[in-house]
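Take a look at the structure set out below.
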Ligand SMILES: *Cc1c(COP(=O)(O)O)cnc(C)c1O
């Protein structure tokens, strides 16, 4: 196909939007191993999970075999308010880099919450409502998930209680106000409201919190409040399932113009946007229909895939959640306080961990100053102010495009531009003022956390 015919933005029309989510696990020969009950070390049963999570979400979580889940009509009509999202051909970036590579990005920042997280938030709120619940609790780190969930809950008239990692709560007062605008209540974590919060504060006075702590608080609140369940914005299978809408749209848009990716790149925190973006491409790979390189990009300051171990670990600091087998740095691991680029979670989706373990996916880690250099470069050329998280993917997309220039290869590169960075200007400010450094944990430090992994055998 003649390149000139590919528009800057490829949009699908409403009828071309996916009607079902795709469950990657259905095509995996070697499935991810089950979640374990931390007390008995036996696989978690649906009944046990149902005390914490909504019923239908538990069913999605445990289903390794059903390839497609129909997207309920109510969710589809919400999706239509901000989807399909554009697949953008980065012509300006290509020209600036003077690369023969063709670069595309799938932009998920076109909604008020500013990221892909709304794709799963609306699904989780829908199932909570359908089950007749009063509300949901959750944690939020940088604030995108809390914002997305607040929007979703207000749409379905559900109560929403958010535990926000304390350092973000203080750094991002406007994020907090957006959540309150959508009716959520927001508590800085660790807090004195929960037993686990009080315990963490007693052990680490003055801590600025972590996602792991906030998860523990939100879970405790949900299980101790009548009519509430806990919802999580990443890591879990159900979240990857909902996020498959990103990859399905990307593939449909590419198919429309006969484009095949050579490299698919995504940033990886808990793994939901990456798992969603790569889903149909990895599916083809698993079924032996097509092949491409898939690259997960993580921060050098929180390198779970590249420097973690593949083991059962707690999903949270308070050790109240089930054990998941994943690439992990240890549930006590908290990235350096001057790490500003997001993606701070200690573990990685167990599905992505298993795919990585099987060698079906690559991972690289990047330093935060290099990430912000890429973010600024991209902003100046393509116009969009990217989220620091998304900029990890931008960094590696640029690096791969530069390699193509050296080798003269016309590779097609697709990356996930997961969100916008309007609420991350404190981080950009640090970068501009030269106050950002590249803290990388030493092997000795990582060994301390690794030694504390739970023994499951
Ligand atoms: C939360 C977030 C991420 C990382 O989360 P994943 O679950 O790994 O996708 C990436 N980009 C943005 C903009 C986010 O808000």
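Answer with yes or no whether residue 105 is away from the ligand (no atom under 12 Å from the Cβ), in contact (Cβ under 8 Å) with a residue 40 or more places away in the chain and not in a strand (DSSP E or B).
On the way: away from the ligand (no atom under 12 Å from the Cβ): yes; in contact (Cβ under 8 Å) with a residue 40 or more places away in the chain: yes; not in a strand (DSSP E or B): no.
So residue 105 does not fit the description; no.
Looking at 256, 260, 251, 221 in this structure, which one is within 15 Å of residue 24 (Cβ to Cβ) and more than 16 Å from the ligand (Cβ to nearest atom)? Talk me through it step by step, then tell me what you get.
Working: 256 fails: within 15 Å of residue 24 (Cβ to Cβ); 260 fails: within 15 Å of residue 24 (Cβ to Cβ); 221 fails: within 15 Å of residue 24 (Cβ to Cβ).
Of 256, 260, 251, 221, the one residue that is within 15 Å of residue 24 (Cβ to Cβ) and more than 16 Å from the ligand (Cβ to nearest atom) is 251.
Looking for whichever is modelled with pLDDT of 95 or more, surrounded by fewer than 21 Cβ atoms within 10 Å (Cβ to Cβ) and either in a loop (DSSP other than H, G, I, E, B) or touching a helix residue (DSSP H, G or I) at 6+ places or on another chain (Cβ under 6 Å) (or both) here; the options are 188, 84. Which one fits?
Working: 84 fails: surrounded by fewer than 21 Cβ atoms within 10 Å (Cβ to Cβ).
One residue alone meets the criteria, 188.
Across region 283-305, which residue is nearest to residue 210 (Cα to Cα) among those that are within 15 Å of the ligand (Cβ to nearest atom) and in a helix (DSSP H, G or I)?
Taking region 283-305 first, the residues within 15 Å of the ligand (Cβ to nearest atom) are 294-299, 301-305.
Filter once more, so that each one left must be in a helix (DSSP H, G or I): 304-305.
On the way: 304: 15, 305: 19 Å.
The selected residue is 304.
Name the single residue, out of those in region 32-47 being outside any loop (DSSP other than H, G, I, E, B) and without any contact (Cβ under 8 Å) to a residue 24 or more places away in the chain, that is farthest from the chain's Cα centre (by Cα). Lay out the reasoning, then the answer.
Residues of region 32-47 outside any loop (DSSP other than H, G, I, E, B): 36, 43, 46-47.
Of the ones still in play, those that are also without any contact (Cβ under 8 Å) to a residue 24 or more places away in the chain are 43, 46-47.
On the way: 43: 25, 46: 24, 47: 27 Å.
Among those residues, the one meeting the criterion is 47.
The rows are residues; the columns are (1) buried (at least 20 other Cβ atoms within 10 Å of the Cβ); (2) within 14 Å of the ligand (Cβ to nearest atom); (3) under 26 Å from residue 21 (Cα atoms).
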| residue | (1), (2), (3) |
| --- | --- |
| 101 | yes, no, no |
| 115 | yes, yes, yes |
| 122 | yes, no, yes |
| 148 | yes, yes, yes |
| 153 | yes, no, yes |
| 193 | no, no, no |
| 201 | no, no, no |
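Any idea which of 215, 263 is in contact with a strand residue (DSSP E or B) (Cβ under 6 Å, 6 or more places away or on another chain) and over 27 Å from residue 126 (Cα atoms)? Quick ask: steps written out before the conclusion?
Working: 215 fails: over 27 Å from residue 126 (Cα atoms).
The match here is 263.
Quick one: residue 280 ticks every box in (1) in a strand (DSSP E or B); (2) away from the ligand (no atom under 16 Å from the Cβ); (3) surrounded by 23 or more Cβ atoms within 10 Å (Cβ to Cβ) except a single one, so which number is it?
Tallying (1) in a strand (DSSP E or B); (2) away from the ligand (no atom under 16 Å from the Cβ); (3) surrounded by 23 or more Cβ atoms within 10 Å (Cβ to Cβ), residue 280 fails exactly one: (1).
Would you pick out the residues in region 124-145 that are more than 10 Å from the ligand (Cβ to nearest atom) and within 19 Å of the chain's Cα centre (by Cα)?
Kept after step one, since they are more than 10 Å from the ligand (Cβ to nearest atom), are these residues of region 124-145: 124-139.
Of everything in region 124-145, those that are more than 10 Å from the ligand (Cβ to nearest atom) and within 19 Å of the chain's Cα centre (by Cα) turn out to be 124, 125, 137, 138, 139.
If you scan region 400-444, which residues turn out to be assigned to a loop (DSSP other than H, G, I, E, B) and either closer than 30 Å to residue 248 by Cα or in contact (Cβ under 8 Å) with a residue 40 or more places away in the chain (or both)?
408, 409, 410, 411, 418, 421, 436, 437, 438, 439, 440, 441, listed by residue number.
The values are calculated or read from the model by the stated rules, or taken from the named source; none is laboratory data. Predicted model, so just to flag it, every value in this text is computed and none were measured. With ideal geometry, Cβ positions are generated from the backbone for all residues, glycine too; neighbour counts draw on all protein chains shown.
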